[in-house]
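Sharing a structure, written as structure tokens. Questions coming.
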Amino acid sequence: MGRRALIAGAGIGGLAAALALARQGFRVDVFERAPALQELGAGLQLTPNATRALRELGALEAIGALATEPGALRVLRGADGGELAHLPIGDAERRWGAPYLAIHRADLQRTLAEAATAAGANLHLATEIVGVDDAANEASLTLRRDGVESRERGDLLIGADGLHSPTRALSGLGEAEAPRFSGKLAFRATVAAERVAPRARANEITLRLGASAHLVHYPLRAGSLVNLVAAIEASWRDPPDSEAPDDPWDAEGDRPALDRAFADWSGDARALIAAPTQWRAWPLYTRPPLPRFARGRVALIGDAAHPMTPFLAQGAAQAIEDAEALARRLGEHKDIERALSAYSDNRIERAARIQREALAQGRLFHLDGPLAVARDLSIAALGPEGVLRRLGWLYAA
Ligand SMILES: Cc1cc2nc3c(=O)[nH]c(=O)nc-3n(C[C@H](O)[C@H](O)[C@H](O)COP(=O)(O)OP(=O)(O)OC[C@H]3O[C@@H](n4cnc5c(N)ncnc54)[C@H](O)[C@@H]3O)c2cc1C
């Protein structure tokens, strides 16, 4: 009988790991507390480092069929819509060895779930992890389903259970302290394409920069939807439903704050802010980098290991890279603890760098006054090729 992997969480990371390990011949069980795979989260950019890992997992073709492939990344000034940069990314395959895609999170999650189950993984919904044990020759989980507790044993445990990861807390890998609020709140929405101006439907990613706020938009689902992300500076408040701290909240009550943050922006930008019938809000959190992602037979991946602000579009990308790297190490080393430790050594530096650079990118996006002018001048001085070259460490890795 093959070795058995237990996976906590069926987000993008957990499902990518399920697929990767099932392809390696592991018996895989994924435990997810939600009763169904939810339509949460709207659009995701899949940068070339993510699509390269998906190709390695044999999933890129199915995912590519549901994704858009933007031709350019346009950077605009929020106040007047003036163009700061027009970066060609439609040739990402030539430039970085893999395509640059955009996809609805629900489509990505469903496709990964289908690929993982087709490869032999078992998905257990409505099953909450409440305990973790890492003994000498096994890893085990205590689960709660319909109020009844049970125990599962495996050869290893992968904690892919997100920002508030119980695996991280219960396995002694995490710090006791809570995640830190970054000072930024992201509002997300999707709108039917016919509700926005034709330019906002173009097959491009548009990034608009202003003082203390930015707005990103791009088409999804063959151009039928437009995905919007508006990030603003905010003071922290508890999500209305504190029972579900991972979930976004319905942001209708915050709409005045959103309108105020974009009040001085161009008419195009304000029309985009006004277009959705519903916004949802995510407070953005970080944690200091961990010294290691694995201990004994337990390894962390994705947001459980290295939560990051979304300003480099890397949270899901890094979860997918982690899954692919972990399966690769397990293929290389028969000894599980050795494989998990090699995975940790291999990933820690890159993840910490991306966490840091994502925070710095958020600060750069929200500059005001002379500092914003200096930023815009340096983008112009670099030129499109210079800006794209600077992304090589991230996308070509
Ligand atoms: C505004 C915004 C924009 C973003 N844009 C991008 C982008 O363009 N590109 C990109 O790559 N990333 C982006 N991200 C980041 C990305 O969405 C996340 O980093 C990524 O989804 C994390 O995946 P994960 O699998 O690690 O965690 P999650 O998606 O959080 O999954 C964790 C899973 O574990 C489950 N779970 C938790 N606790 C338990 C328990 N006790 N028992 C059982 N199950 C449990 C949860 O229900 C959940 O399903 C963005 C994020 C935000 C907020």
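The values are calculated or read from the model by the stated rules, or taken from the named source; none is laboratory data. What you see is a predicted model; the values in this text were computed from it and never measured. Neighbour counts run over all protein chains shown; Cβ positions are idealised from the backbone, glycine included. We work out accessible area using only protein heavy atoms, side chains counted, and drop any ligands, DNA or RNA first. Shrake-Rupley method; radii C 1.70, N 1.55, O 1.52, S 1.80 Å.
Could you identify the single residue in Leu330, Leu312, Leu377 that is under 17 Å from Thr47 (Cβ atoms) and out of contact with any His (no Cβ under 8 Å at 6 or more places or on another chain)?
Leu312
Any idea which of (1) away from the ligand (no atom under 13 Å from the Cβ); (2) surrounded by 24 or more Cβ atoms within 10 Å (Cβ to Cβ); (3) not polar (S, T, N, Q) is the one Glu32 doesn't satisfy?
With (1) away from the ligand (no atom under 13 Å from the Cβ); (2) surrounded by 24 or more Cβ atoms within 10 Å (Cβ to Cβ); (3) not polar (S, T, N, Q) applied to Glu32, the lone miss is (1).
Criterion first (open to solvent by less than 30 Å² (accessible area, probe 1.4 Å) and either part of a helix (DSSP H, G or I) or not aromatic (Phe, Trp, Tyr) (or both)) does Pro99 satisfy it?
Taking the combined requirement at face value, the residue satisfies it.
Yes or no: Gly362 within 22 Å of the chain's Cα centre (by Cα), without any contact (Cβ under 8 Å) to a residue 24 or more places away in the chain and buried (at least 18 other Cβ atoms within 10 Å of the Cβ)?
In short, no.
Which pairs turn up if I take residues in the stretch 35-61 that are closer than 26 Å to Pro248 by Cβ and look for partners that are small (Gly, Ala, Ser) and part of a strand (DSSP E or B) with beta carbon separation below 6 Å, at least 6 apart in sequence or on another chain?
What qualifies is Gly43/Ala102; Gln45/Ala102.
If you scan the stretch 102-116, which residues turn out to be touching a strand residue (DSSP E or B) at 6+ places or on another chain (Cβ under 9 Å) and either buried (at least 20 other Cβ atoms within 10 Å of the Cβ) or without any contact (Cβ under 8 Å) to a residue 24 or more places away in the chain (or both)?
Within the stretch 102-116, Ala102, Ile103, His104, Arg105, Leu108, Thr111, Ala113, Ala116 meet the criteria.
A follow-up question, please. For residues that are farther than 11 Å from Ile301 by Cβ and not aliphatic (A, V, I, L, M), scanning just the stretch 8-24, find the one that is least open to solvent (accessible area, probe 1.4 Å).
Gln24
Can you name the number of the only condition in (1) touching a helix residue (DSSP H, G or I) at 6+ places or on another chain (Cβ under 9 Å); (2) part of a loop (DSSP other than H, G, I, E, B); (3) not aromatic (Phe, Trp, Tyr) that Pro35 fails?
(1)
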